[in-house]
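A quick write-up on the structure given underneath.
The values are calculated or read from the model by the stated rules, or taken from the named source; none is laboratory data. Given the structure is predicted, the values throughout are model-derived calculations rather than measurements. Heads up, the Cβs are rebuilt from the backbone with ideal geometry, glycines too, and the neighbour counts pull from every protein chain shown.
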Amino acid sequence: MSFFREMSSSRDKQRTLKKESSMSGTGLFTGSKVHMRFCPAPENTGIVFKRTDLSGAPTCPAFVDHVIDTPRCTILGKGECTIQSVEHVLAAIAGYGIDNLVIELQGPEVPIGDGSAVPFIQMIEEAGIAYLNAKKKWHRITSPIYWTQGDVHLVALPYDEFRVSYTLNYPNSKLLRSQFYTFVHNEEHFKKEIAKCRTFSLYEEIVPLIEKSQIKGGSLENALVIKDDAILNPEGAYFYDEMARHKVLDLIGDLSLTGMLIKAHVIALRSGHASNAAFAKEIVDHFNAEACV
């Protein structure tokens with residue numbers, strides 16, 4: 001049985017990993033050398049980060065209430081346990097339907113890898129998927145949920161699956177003026193069409209941050225850089241709309257912070273990590289209010 005066929009046949013069961021897997025790398029913002037390990041966890045554990053480099057190895061659940069900042073990435077924190085740049089690893093975990101996992105980090109930031117989710121799905125596939133007795137718990141959106149601020153808009157509409165549609169708009173960039181991508185979730189599609197899409201930035205935005213040492217681990221090996229109407233990376237883009245696809249990747253990771261499996265069509269216009277986190281909180285509040293009725 002193929003990897004994805006096995007996953008499909010056990011779609012309703014909670015998932016963890018069969019064994020541990022690990023990788024080492026560099027943090028994009030901190031430049032820190034970090035070792036990361038995925039550790040299997042029992043049913044109903046959820047996704048939990050653990051800072052093994054700190055005294056007492058403090059933990060922080062991957063939940064929207066623990067979002068403490070969103071400076072071009074998503075940062076979680078609970079007490080002494082803070083973790084920067086969680087969105088790509090969370091997208092990989094959500095993309096493969098992993099419900100329970102402890103992510104051990106010897107450092108303050110998730111390694112950037114190549115700027116995509118590929119290093120993390122390689123860790124998942126290396127470890128293999130384990131199926132638990134508990135069933136997955138889906139939350140079906142039955143009425144629209146929305147968040148809007150200025151020219152940024154997010155809405156979740158009733159839908160029988162999990163679908164994300166993203167419109168990217170950079171009016172001052174010829175290359176990024178407008179891109180659109182829509183994605184209906186399944187694991188194989190996530191791997192082929194979303195996971196490999198890398199983080200990106202305009203040259204004019206990234207250079208001042210590098211000069212101020214606010215991005216210590218960045219290079220053309222872990223991000224697409226766009227200047228005028230050209231991509232500076234020698235290999236170019238993997239897809240003509242790779243940037244919009246990466247925004248879908250980010251949104252999947254950030255919305256996983258709801259701690260829920262959602263059946264909805266999420267439509268986003270120009271959203272980023274701050275608005276994604278605010279929308280995730282709106283979704284959680286919506287379901288909590290429904291539960292109290």
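When you look at Ser256, is it in contact with a Phe, Trp or Tyr (Cβ under 8 Å, 6 or more places away or on another chain), at pLDDT 95 or above and either not assigned by TED's automatic domain parsing to the domain that holds Asp151 or not hydrophobic (A, V, I, L, M, F, W, C) (or both), yes or no?
Spelling it out, it is not the case that Ser256 is in contact with a Phe, Trp or Tyr (Cβ under 8 Å, 6 or more places away or on another chain), at pLDDT 95 or above and either not assigned by TED's automatic domain parsing to the domain that holds Asp151 or not hydrophobic (A, V, I, L, M, F, W, C) (or both).
So which of Lys137, Lys191 is touching a residue at least 60 places away in the same chain (Cβ under 8 Å) and either surrounded by fewer than 17 Cβ atoms within 10 Å (Cβ to Cβ) or under 21 Å from Val34 (Cβ atoms) (or both)? Unique residue meeting the criteria: Lys137.
In this entry, Ile112 passes the filter for residues that are surrounded by 22 or more Cβ atoms within 10 Å (Cβ to Cβ), at pLDDT 95 or above and outside any strand (DSSP E or B).
Taking residues in region 265-293 that are more than 10 Å from Leu154 (Cβ to Cβ), and partners anywhere that are small (Gly, Ala, Ser) and surrounded by fewer than 22 Cβ atoms within 10 Å (Cβ to Cβ), the pairs with Cβ atoms closer than 8 Å and at least 6 places apart or on different chains are His265/Ser165; Val284/Gly259. The residue pairs whose first member lies in region 159-171 and is in the same structural domain as Arg245 (by TED's automatic domain parsing) and surrounded by fewer than 20 Cβ atoms within 10 Å (Cβ to Cβ), whose second member is of a type in the set (Ser, Thr, Tyr) and assigned to a loop (DSSP other than H, G, I, E, B), and whose beta carbons are closer than 7 Å, counting only pairs six or more residues apart or on different chains, are Asn169/Ser178.
Does Leu90 fit the bill of being at pLDDT 95 or above and either on the phi > 0 side of the Ramachandran plot or assigned to a strand (DSSP E or B) (or both)? No; evaluated as a whole, the condition is false for this residue.
For the subset of region 143-158 comprising residues that are polar (S, T, N, Q) and surrounded by 11 or more Cβ atoms within 10 Å (Cβ to Cβ), which member is farthest from Ala94 (Cα to Cα)?
Here the answer is Gln149.
Name the residue, out of Asn100, Asn186, that is touching a Ser or Thr at 6+ places or on another chain (Cβ under 6 Å) and over 28 Å from Arg72 (Cβ atoms). Don't jump to the end; show me each part of the working.
Details: Asn186 fails: touching a Ser or Thr at 6+ places or on another chain (Cβ under 6 Å).
Unique residue meeting the criteria: Asn100.
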